[in-house]
Amino acid sequence: MSKKNTGPCSIKNCTYSGHFFCRITELAYQKCEKENMLEVYSYLNIGEQLCHQHYCQIVESKRNKRKRKINSKNQKDCRKKVEHKDAESCLSNTFLINDQIFASKVKILTSVLYNKQHRETTKLKLEPTEFQNMIENASPELKRFFPSMVNAIIPKERSAYNKQEAKKSIVALCYMIAGLRNKFVNQFKTEVGLYLAASGATWEAIDIMSSLGYSICAKSVANYQKKIQENHIIEIESYFSKNGNFLHIYNIDDFHDIHEKRRPDTTSTSTANHFSTCVTKPVIDCLKIPLIFNGISVHNPNNIEAWRICWYLLNKYTGIFDITYTECQLQGYQDN
């Protein structure tokens, strides 16, 4: 079967080489008029032939523009997707780097607090400035760590007082984070457990707080209380062995708590307290009183003679020990 359109191309000086030709039909001629292509190729008429390349450029120019527009849009979409993926990758890498930095800071903080508790036996630093100075002096890598925690947690709109109070909570949070990483960094949780026990919390309540990570368990609290009692006796003996040559004045206060709670709990059947407090004050400028002075023992064989104490207070020391604190202050102001 022979081809109907064999050429040649009606465009003057056509340089395209090809074997495919298309006839300009009436519909094709109308398309050329609509796209104003005849202003350039006014010599074209219906029935003439065009090569495939010129036919696409002149008759189907609108379709080519649409294809180019679609291709351009697709290219832009592809470029945006690539840029979006690059941005996501960059952001992901940034987050990963920040996570690694924060993790390393927490590791260093845990090590510092562990050494402070178990090797240096340093007391808790709950004041924000003291805590910041402590960790930064222990490890220069922790510089700006506490301020960054403050900036991340505390809103800038808060008042100065509320910011300072919130900083104390962040100090506690730092101790808690270190305790989560290393269970032996439990100095803060120990203090919380002792406070709960002193406040009358039951063992179950302390264990619940322990399961939440805010306190040590009730058994550890009991063991620590026993340890404090034993260390207290040792500290008293050590103190008097070093300061035994000075005079000490004692004050014994016998205390009774009459406000009793009669509802029993798992730790006790009542809360009535009875204890005595012994307070001693050293007199550095006075040596201790010898047991035998001028052949007389310092101990009274009659023990405490109330009548003798009352006689001396009324007849010899009146006006010396019965001055109130307010009167002493007023007298001091008048002397100044």
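The values are calculated or read from the model by the stated rules, or taken from the named source; none is laboratory data. In this text the structure is predicted, and so the values were computed from the model without any measurement. Cβ placement follows ideal geometry from the backbone for every residue including glycine, while neighbour counts extend to all protein chains displayed.
Within region 208-249, how many residues are within 30 Å of ALA178 (Cβ to Cβ) and either among the basic types (Lys, Arg) or in contact (Cβ under 8 Å) with a residue 60 or more places away in the chain (or both)?
Taking region 208-249 as the starting set, the residues that turn out to be within 30 Å of ALA178 (Cβ to Cβ) are 208-232, 234-235.
Next cut, either among the basic types (Lys, Arg) or in contact (Cβ under 8 Å) with a residue 60 or more places away in the chain (or both) only: 219, 226-227.
Result for region 208-249: 3.
Please verify whether region 195-211 includes one or more residues that are among the hydroxyl-bearing types (Ser, Thr, Tyr) and within 25 Å of PHE145 (Cα to Cα).
Scanning region 195-211, I find no residue that is among the hydroxyl-bearing types (Ser, Thr, Tyr) and within 25 Å of PHE145 (Cα to Cα), so the answer is no.
Condition (residue is assigned to a loop (DSSP other than H, G, I, E, B), out of contact with any helix residue (DSSP H, G or I) (no Cβ under 7 Å at 6 or more places or on another chain), closer than 21 Å to GLN132 by Cβ and modelled with pLDDT under 95) applied to region 171-182: is it met by at least one residue?
First, the residues of region 171-182 that are assigned to a loop (DSSP other than H, G, I, E, B): 182.
Subset that is out of contact with any helix residue (DSSP H, G or I) (no Cβ under 7 Å at 6 or more places or on another chain): none.
No, region 171-182 contains no residue that is assigned to a loop (DSSP other than H, G, I, E, B), out of contact with any helix residue (DSSP H, G or I) (no Cβ under 7 Å at 6 or more places or on another chain), closer than 21 Å to GLN132 by Cβ and modelled with pLDDT under 95.
Could you list all residues from region 31-66 that are at pLDDT 75 or above and part of a helix (DSSP H, G or I)?
Result: LYS31, TYR55, CYS56.
Restricting attention to region 214-246, report how many residues are part of a loop (DSSP other than H, G, I, E, B) and modelled with pLDDT under 90. Working first, answer last.
Quick first cut of region 214-246, residues part of a loop (DSSP other than H, G, I, E, B) only: 214-217, 243-245.
Pick out the ones that are also modelled with pLDDT under 90 and you get 243-245.
Residues meeting the conditions: 3.
Hey, any hits in region 283-297 for a residue that's on the phi > 0 side of the Ramachandran plot and at pLDDT 80 or above?
Keep residues of region 283-297 that are on the phi > 0 side of the Ramachandran plot, which gives 294-295.
This time we only want the ones that are at pLDDT 80 or above, so: 294-295.
Yes; the residues of region 283-297 include at least one that is on the phi > 0 side of the Ramachandran plot and at pLDDT 80 or above.
Could you say whether any residue in region 155-164 is hydrophobic (A, V, I, L, M, F, W, C), touching a residue at least 60 places away in the same chain (Cβ under 8 Å) and part of a helix (DSSP H, G or I)?
No - not one qualifying residue is present in region 155-164.
Report whether or not THR110 is under 30 Å from ALA178 (Cα atoms) and either at pLDDT below 75 or assigned to a helix (DSSP H, G or I) (or both).
yes
Quick check: is even one residue across region 176-192 aromatic (Phe, Trp, Tyr), more than 18 Å from THR121 (Cβ to Cβ) and crowded, with 17+ Cβ neighbours inside 10 Å? Outline the logic, then answer.
Taking region 176-192 first, the residues aromatic (Phe, Trp, Tyr) are 184, 188.
Now drop any that are not more than 18 Å from THR121 (Cβ to Cβ), which leaves none.
No, region 176-192 has no match at all.
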